[in-house]
1. Residue 100 fails exactly one of the following numbered conditions: (1) within 13 Å of the ligand (Cβ to nearest atom); (2) closer than 28 Å to residue 138 by Cβ; (3) open to solvent by 10 Å² or more (accessible area, probe 1.4 Å); (4) β-branched (Val, Ile, Thr). What is the number of that condition?
2. Considering the stretch 147-170 alone, what residues qualify as being open to solvent by 40 Å² or more (accessible area, probe 1.4 Å), near the ligand (Cβ under 8 Å from one of its atoms) and among the hydrophobic types (A, V, I, L, M, F, W, C)?
3. Being small (Gly, Ala, Ser), more than 16 Å from residue 137 (Cα to Cα) and open to solvent by 50 Å² or more (accessible area, probe 1.4 Å): is that true of residue 179 here?
4. Does the stretch 135-146 contain at least one residue that is in a helix (DSSP H, G or I), modelled with pLDDT of 95 or more, out of contact with any strand residue (DSSP E or B) (no Cβ under 8 Å at 6 or more places or on another chain) and crowded, with 18+ Cβ neighbours inside 10 Å?
5. Looking for something more than 22 Å from residue 200 (Cβ to Cβ), within 19 Å of the chain's Cα centre (by Cα) and surrounded by 14 or more Cβ atoms within 10 Å (Cβ to Cβ) - is there at least one such residue anywhere in the stretch 24-33?
6. Step by step: first the residues of the stretch 64-89, then only those that are over 19 Å from residue 19 (Cα atoms), in contact with a Gly (Cβ under 7 Å, 6 or more places away or on another chain) and small (Gly, Ala, Ser), then the one that is surrounded by the most Cβ atoms within 10 Å (Cβ to Cβ). Which residue is that?
7. Contact list please: Cβ distance under 7 Å, first residue in the stretch 98-115 and within 13 Å of residue 202 (Cβ to Cβ) and in contact (Cβ under 8 Å) with a residue 60 or more places away in the chain, second residue acidic (Asp, Glu) and within 14 Å of the ligand (Cβ to nearest atom), pairs at least six apart or on different chains.
8. Got a sec? Which of 71, 61 is closer than 26 Å to residue 2 by Cα and either free of Cβ contacts under 8 Å to residues at least 12 places away in the same chain or within 11 Å of the ligand (Cβ to nearest atom) (or both)?
Amino acid sequence: MAYRYKVVELAKLPAADTILTAGELAVYQDFKIEKRRKEWLGGRYALKSLAMDFFTFNMKQMEVKNSSSGQPRLLVPGGTHLPVSITHSGIWASAAIALTGEAIGIDIEVVEKRSKAWAEECFHKDEISSKAAVFLTELWVKKEAVLKFLGVGLSINMQNIRFVNGNLELHGKALDLWAKIGSPKIQIDVEDLDGGYKLAVASQAPLL
Ligand SMILES: CC(C)(COP(=O)(O)OP(=O)(O)OC[C@H]1O[C@@H](n2cnc3c(N)ncnc32)[C@H](O)[C@@H]1OP(=O)(O)O)[C@@H](O)C(=O)NCCC(=O)NCCS
């Protein structure tokens, strides 16, 4: 596996001042909504505790910054180019680090019934072989992981990223972005998390 990921429970986070740098703590304290504060802290705790498997730095020597597109970056003394990704949903937060390759995307979503309008907007007819919540949630979580792999958010049409019979197809802006990063072979891994959640990781498939 060319990446590592870590899942943490938002209810079991250490104190913010044991995880965050002074700069991060200022951002953290600025959040007005407790849920957002917790999720933000959880994403950083997941990423930093994972990074400690690869670096000899402690949590307060590492910093997570978001680029103008929102994509997270891990800053460590002396620098690193390891691609990272963050997600949080419900009781969980998670982060992934790519050990090889130029990109990574991770997403968690709760398995629940969503509106017909949402499904019509997000899914191309060729993708829909079932209307079951677990099927649609798995399709969605895979799409979001690819979105993050491409470093773009919900600003693109989600039907540009399709899974037809399980095979990833990129169209329109998603295809352009993929070509811009060298058209890497994308591997998708999916896992179930306790409490009825789906987790997906989009990573660069190792060159065989
Ligand atoms: C990426 C995105 C779809 C995730 O939304 P979500 O499913 O509600 O949230 P998740 O918990 O799964 O993921 C949130 C994390 O995605 C990461 N993220 C945000 N934008 C990202 C992007 N463009 N590429 C990759 N990762 C991104 C962040 O680390 C964020 O967590 P943080 O804010 O705590 O650091 C959403 O954040 C988004 O659309 N971001 C882009 C916003 C945008 O278009 N900005 C453009 C400004 S010009």
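1. If we test residue 100 against (1) within 13 Å of the ligand (Cβ to nearest atom); (2) closer than 28 Å to residue 138 by Cβ; (3) open to solvent by 10 Å² or more (accessible area, probe 1.4 Å); (4) β-branched (Val, Ile, Thr), just (1) comes out false.
2. The answer is 154, and nothing else.
3. Criteria met by residue 179.
4. Scanning the stretch 135-146, I find at least one residue that is in a helix (DSSP H, G or I), modelled with pLDDT of 95 or more, out of contact with any strand residue (DSSP E or B) (no Cβ under 8 Å at 6 or more places or on another chain) and crowded, with 18+ Cβ neighbours inside 10 Å, so the answer is yes.
5. no
6. 70
7. 107/144
8. None of the others qualify; the one that does is 71.
The values are calculated or read from the model by the stated rules, or taken from the named source; none is laboratory data. Small disclaimer: the values here were computed from a predicted structure and weren't measured. Backbone-built Cβ (ideal geometry, glycine too); neighbour counts: all protein chains shown. For accessibility, only protein heavy atoms count, side chains too; no ligands or nucleic acids. Shrake-Rupley method; radii C 1.70, N 1.55, O 1.52, S 1.80 Å.
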